[in-house]
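Encoded as structure tokens, the structure appears first; notes follow it.
The values are calculated or read from the model by the stated rules, or taken from the named source; none is laboratory data. As the structure is a prediction and not an experimental result, all values here were calculated from the model. In this analysis, Cβ positions are derived from the backbone assuming ideal geometry, glycine residues included, and neighbour counts consider all displayed protein chains.
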Amino acid sequence: MKPSAFRYERPASLDALFDLLSGPGDKAVLAGGQSLIPAMNFRMARPALVVDLAGIPELREIVREDGAIRIGATVTHAQLEDGAAPGPVQSFLRRVAGGIAFRAIRNRGTIGGSLAHADPAADWLTALSCMQAEVEIANKSGRRRVAMEAFVLGPMTTALGDGEIITAVVLPDPGETAFGWHKAVRKSGEFAEALAAVRLAPDGAECWVGAIESPVRLPGRYDPAALAGDSRLGGRPEFEAVRQGVREMAPDADDYAVQLAAVAVCRAIAEAGAGEGAA
Amino acid sequence: MNENIGQLETRNDLQVGRPVLRHEDERLLAGTARFVADIRLPDMREVAFVRSPVAFGKLSPVEIPADAGPDSVWTAERLAHRVLPICATLNRPGFHVTEQPILARGKVRHVGELIAAVVASSRAEAEDLAETIVPGIESLPAVSDPEAALDEGAPRLHDAWEDNVYLSSGRTIGPFDEAVARAEVAVTRDFRMARVLPLPMETRGCVAGFDRGSGILTLYLSTQRPHLIRTMLAEQLVGIEESRIRVIAPEIGGAFGGKSNLYPEEVALAAMAMELPFPIRWIEDRYEHFLSASQSRQHVQRLTAYAMRTGELLAIDARFLVDGGAYSMRTSTAVVEAGMAAAVLPGPYRLGAYRFETVTVATNKMGVGPYRGVGRPAAVFAMERMMHETAVAIGMEPHAFRARNMIDASEHPYVSVSGLRYDSGDYKTLLSDAVEAMDVASVRAAQRLVTAGDRRLIGVGFGCYTEQTAHGAEEWHRRGSPFEYGFESARIRIDPSGSVLVTTGIKSQGQGLETTLAQIAADALGLPHEHVHIRHGDTELCPYGLGTIASRSLVMAGGAVEGAATRLAGKIRAIAAANLGCGPEDIRLQDGTATGPFGNLSFAKIARIAYLELNALPPDIEPGLEVSYNYRPPVESGTYSSGVHGARVAVDVDTGEVELLDYVVAEDCGRIVNPMIVDGQIIGGAAQGIGQALYEELRYDETGQPRTVTLADYLIPGAVEVPRIALRHRETLSPFTVFGAKGLGEGGAIAPPAAIANAVSDALRRYGVDVRSIPIRPRDLWTALRDKSFAEMEP
């Protein structure tokens, strides 16, 4: 489990980075390395050139833009867990980041790296979809912003083109919106079996489900009061509606996955209602 | 909580029985301990292996890449003159021997089997070269399921066999048919226990170097049995005598049975080193560990319990089918698991009749070896699930049904229905300790309030066991083992300066034996334990010993150390007496000083006399202060530790998730030498048992491809998943061992699958769901619950 030979570069600026990315050969961008390096050790990824983003200061910044928060691509999960993002999104980001894997992984893993990898079970994909984030993408000739739904095209597939990297994630001001989050795992620190992120809108809870599938938004809006408390086995109608929603959006998932996701949604709604994940 | 109930009074002047800090921890905590991967020899090169990517296939001779250096690629043909295949034997009629090549030839039989070895200056370069070697394999249909392996038309792994059966055996003991006819209740269950692996934190590893001048082959090896590996290497290697082989087991980061067998990698490195002008090393990575380190358990069981409505257990009928994998490991063999399970099944119960059948089959998977508990976790799971379900069928509280059938403390020595001779133990008291700790009454009260709408159901369950430990030659001979682990050794030397060195044939791999053996030596010699230095794991430095397996080291090596120290103390007394003008019986040894009625001498002075001032040594006393002693237990059927584990769980009926709320271990390992080490051993073992109960599972697909090859696929419990474990100790001394100690290393890992499965079954009783397989998967529980409805009345 040692990687095949590769060249390593650590550019200090985006311009230098794009120059490297425009060269020939198979290249990999190293953001935090928590997925890339294991893949290289197994020789499933065999890039000739690894370009490390860690030397580019701009990518590590967190700035306010009007009401929005712009989080640089190489901000680590640990920084967000520790509250590095200011404003009304802070507590929800802390909540999500703190549940990712283990602290040792959070110390290195980055928000941009997680999005670029686009593992359906990754926490940020579902959480940022629910937060209506935009992904800032740059290449040699400029930058563009893409909504999360348009960024994630499928499992491990994104809208990133050749020579492009994620430079930041932009989170709109959620105002008074309350968020809820639930992650179903076999044990602490593992990838999720089901993820649910919820935002409470005046006309009901909007729900995103991940892990069983790339993040999907459930078709309905659900009444938090009707789902308050626990879901109970053997189906109240409100719970069956959630389960039906999951089934519709994730037609390939098996019954247990659908159940876990539906339960996760109910628990995330309960959390949002209780104000724990509220902004 | 650590409550010592009924612990023996500790004599003030004894160091045995005290929770002294571990001698080995300073270097471990400071990061100065040296493991195999820390060994650096001059000009050392690295080895990577080419392994079979398929589970079963015909192998063509390996083609060596044209650009490979002359010493860089090693094939079966190239090593043929140097090594013999590994053939683990067992002296039992009907046992089928496998011939495991060091590097595969003709056929490959499991994914990960060694095909070639590659040497380069770094591991990455070795892997570069290894991946250019593409073995020519014509795939054959593989068999990866133990039941399928028994089918008439199943692919046959070994050409010389008529089927895939390593060994099948069975016996009926006692008036079985009468018991069946008399029984008012019969309960049958089919159980499965997944394949797991010991998974030490430190993987395997080997550094091998051959000194052409002296002709000495030195292996640094992460192994539990350095002397036996050396003996076996002398048999496996052509052209070298055992006296020229040195095996050094440095610091070991856990083993749990996984480093007790001889592995082909070790023989390959030894053989290659003999041909190479430089030392080589192979450090197993975690991926290789999942492919080629010994695996364990994997049972398919059918049990029937026969009982009377009064709560009398009459008979057990048991069938164990164990998946033994492709090759028998040396020396445990593939049948170690099934044989042990059948023998220990009756546990702490009075059982009049017992019928069992064991079958171990070969499949296209990695072989199975000993793993902490060996057969007992599966047997205790089977027996204790049956005790629970039979109690439910009768309408008795499960712990009351157990107590009704347990052997009384006064009945010892008690010969179990399967012929095991229990030396001592108070099982009923352990059970009542555990029942009290779990507060069963409050669980029952809470359960009575449960309604159909409740999402979170609680339950309580127990697992009881007896554990044969430190068994001697007679027992190993009875089992048919070609090696009888009949003794253990110690050599104690007091140097001219007065410092004390103990060398022993066992090997500590994390048990704290450097501390406990020092405590034992210190008491016998009359010294502070800090002054006793223990060395182990080097076949040139230490006397021959059988190694650390089967919960034997404290009793066996402790007996050897005690014997050597007592004899050495006698010599110290004699020298002191001659110089102090009194009789040896007048001399008292304490704090490194020999004191007589008319004066005293320090051990340093006595040692100086013994080595350097012989003018003061009476001529009838042999010079020097060194004694060797080999301890052979007076009774060789073993000493029996016992324990009862209790678990309280909550099951989420919406998701099938199991939360472990509370866990208690009530145990009895005889005389406790170091309470802190005992607690650590129990908690560590229980953590592994919890892993087996709830998380761990090696999965293979139907073609024999392993599906669990990383720690992301194979879940183990972390700190969050292991609850606070409450410990209750009792000390029932063994009449057969030095100061009444019993082995303890495995006990913690034995009962968790049973206790947790019973607690989950207890929680789900109102739904009529009970646990049939280990690990307990949330998906399975939810699927089973989905079609069930809540019974309003207690069934």
Take the residues of the stretch A:247-257 that are within 14 Å of A:Arg217 (Cα to Cα) and surrounded by 20 or more Cβ atoms within 10 Å (Cβ to Cβ): which is nearest to the other protein chains (Cβ to nearest Cβ)?
A:Ala250
Take B:Thr710 and decide whether it is over 24 Å from B:Ile458 (Cα atoms), within 11 Å of another protein chain (Cβ to nearest Cβ) and over 17 Å from the mean Cα position of the chain (by Cα).
yes
Filter the stretch B:513-544 down to the residues that are in contact with a Leu (Cβ under 8 Å, 6 or more places away or on another chain) and assigned to a strand (DSSP E or B), then identify the one that is nearest to B:Ile248 (Cα to Cα).
B:His536
Among (1) in contact (Cβ under 8 Å) with a residue 40 or more places away in the chain; (2) in contact with a helix residue (DSSP H, G or I) (Cβ under 7 Å, 6 or more places away or on another chain), which single condition is B:Pro623 missing?
(1)
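Would you please name the residue that is farthest from A:Gln132 (Cα to Cα), looking only at residues in the stretch A:178-210 that are out of contact with any helix residue (DSSP H, G or I) (no Cβ under 6 Å at 6 or more places or on another chain) and crowded, with 21+ Cβ neighbours inside 10 Å? Please lay out each step first, then the result.
To start, the set of residues in the stretch A:178-210 that are out of contact with any helix residue (DSSP H, G or I) (no Cβ under 6 Å at 6 or more places or on another chain) comprises A:183, A:185-192, A:201-204, A:206.
Now drop any that are not crowded, with 21+ Cβ neighbours inside 10 Å, which leaves A:183, A:192.
Numbers: A:Lys183: 19, A:Ala192: 21 Å.
Applying the filter and picking the extreme gives A:Ala192.
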Looking at the structure I just gave you, is B:Lys571 more than 14 Å from chain A (Cβ to nearest Cβ), assigned to a helix (DSSP H, G or I) and under 25 Å from B:Thr504 (Cα atoms)?
yes
Cβ contacts < 7 Å: first residue without any contact (Cβ under 8 Å) to a residue 40 or more places away in the chain, restricted to the stretch B:122-140; second residue hydroxyl-bearing (Ser, Thr, Tyr), any location; separation 6+ or different chain. Result?
B:Asp128/A:Ser4
Conditions (1) within 18 Å of A:Arg60 (Cα to Cα); (2) buried (at least 22 other Cβ atoms within 10 Å of the Cβ); (3) out of contact with any Lys or Arg (no Cβ under 7 Å at 6 or more places or on another chain); number of the one not met by A:Ile137
(3)
Per-region count, the stretch B:436-451, residues surrounded by 14 or more Cβ atoms within 10 Å (Cβ to Cβ) and within 14 Å of chain A (Cβ to nearest Cβ)
1
Could you list, in sequence order, the residues of the stretch A:50-91 that are of a type outside the set (S, T, N, Q) and in a loop (DSSP other than H, G, I, E, B)?
A:Ile56, A:Glu61, A:Asp66, A:Gly67, A:Ala73, A:Val75, A:Asp82, A:Gly83, A:Ala84, A:Ala85, A:Pro86
Test each condition in (1) closer than 23 Å to B:Leu129 by Cβ; (2) surrounded by fewer than 18 Cβ atoms within 10 Å (Cβ to Cβ); (3) not hydroxyl-bearing (Ser, Thr, Tyr) for A:Pro47 and report the one that comes out false.
(2)
In the stretch B:116-132, how many are over 34 Å from the mean Cα position of the chain (by Cα) and more than 14 Å from chain A (Cβ to nearest Cβ)?
0
Would you pick out the residues in the stretch B:221-276 that are among the acidic types (Asp, Glu), over 24 Å from B:Gly510 (Cβ atoms) and in contact with a strand residue (DSSP E or B) (Cβ under 9 Å, 6 or more places away or on another chain)?
B:Glu275
For residues in the stretch B:452-464 being part of a loop (DSSP other than H, G, I, E, B) and in contact (Cβ under 8 Å) with a residue 40 or more places away in the chain, which is nearest to the other protein chains (Cβ to nearest Cβ)?
B:Arg455
Cβ-Cβ under 6 Å pairs, at least 6 apart or on other chains, the stretch A:117-129 side surrounded by fewer than 24 Cβ atoms within 10 Å (Cβ to Cβ), far side among the aromatic types (Phe, Trp, Tyr) and not in a helix (DSSP H, G or I):
A:Ala121/A:Phe191; A:Ser129/A:Trp208
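Could you run through the stretch B:258-314 and say how many residues are farther than 30 Å from B:Glu389 by Cα and assigned to a strand (DSSP E or B)? If you could, list the steps in order and put the result at the bottom.
Filtering the stretch B:258-314 down to residues farther than 30 Å from B:Glu389 by Cα leaves B:258-294.
Within this subset, residues satisfying the condition of being assigned to a strand (DSSP E or B) are B:262, B:280-283.
Qualifying residue count for the region: 5.
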Identify, by number, the condition in (1) within 14 Å of chain B (Cβ to nearest Cβ); (2) under 14 Å from the mean Cα position of the chain (by Cα) that A:Gly189 doesn't meet.
(2)
Do we find that A:Pro47 is away from chain B (no Cβ under 14 Å), in contact (Cβ under 8 Å) with a residue 40 or more places away in the chain, under 19 Å from A:Val209 (Cα atoms) and part of a loop (DSSP other than H, G, I, E, B) in this structure?
no
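Which count do you get for residues in the stretch B:483-509 that are over 30 Å from B:Lys605 (Cα atoms) and touching a Lys or Arg at 6+ places or on another chain (Cβ under 9 Å)? Walk me through it before giving the result.
Start the filter on the stretch B:483-509 by keeping residues that are over 30 Å from B:Lys605 (Cα atoms), which leaves B:483-488, B:506-509.
From what is left, the residues that are touching a Lys or Arg at 6+ places or on another chain (Cβ under 9 Å) are B:485-488, B:506-507, B:509.
Final tally of qualifying residues: 7.
Rundown of residues vs (1) of a type in the set (Val, Ile, Thr); (2) touching a Ser or Thr at 6+ places or on another chain (Cβ under 7 Å), yes/no style:
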| site | (1), (2) |
| --- | --- |
| A:Asp19 | no, no |
| A:Gly23 | no, no |
| A:Leu30 | no, no |
| A:Asn41 | no, no |
| A:Ala45 | no, no |
| A:Ala48 | no, no |
| A:Leu53 | no, yes |
| A:Ile56 | yes, yes |
| A:Val63 | yes, no |
Which one of B:Gly375, B:Gly369 is without any contact (Cβ under 8 Å) to a residue 40 or more places away in the chain and buried (at least 24 other Cβ atoms within 10 Å of the Cβ)?
B:Gly375
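Just the residues that are within 17 Å of B:Ser432 (Cα to Cα) and crowded, with 20+ Cβ neighbours inside 10 Å, please, taken from the stretch B:649-668. Break it down into steps so the answer makes sense when it comes.
Residues of the stretch B:649-668 within 17 Å of B:Ser432 (Cα to Cα): B:662-668.
Hits for the stretch B:649-668 are B:Tyr663, B:Val664, B:Val665, B:Ala666, B:Glu667, B:Asp668.
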Taking first residues from the stretch A:30-41 that are within 20 Å of A:Gly163 (Cβ to Cβ) and not assigned by the TED database to the domain that holds A:Glu164 and second residues anywhere that are aliphatic (A, V, I, L, M) and surrounded by fewer than 18 Cβ atoms within 10 Å (Cβ to Cβ), the pairs with Cβ under 8 Å that are 6 or more apart or on different chains are A:Leu30/A:Ile37; A:Leu30/A:Ala54
Conditions first: (1) within 14 Å of another protein chain (Cβ to nearest Cβ); (2) more than 32 Å from the chain's Cα centre (by Cα). B:Glu138 passes all but one, so which condition is the exception?
(1)
Being of a type in the set (A, V, I, L, M) and free of Cβ contacts under 8 Å to residues at least 12 places away in the same chain narrows it down to one of B:Ala249, B:Ala255, B:Ala270, B:Ala234, so name that one.
B:Ala234
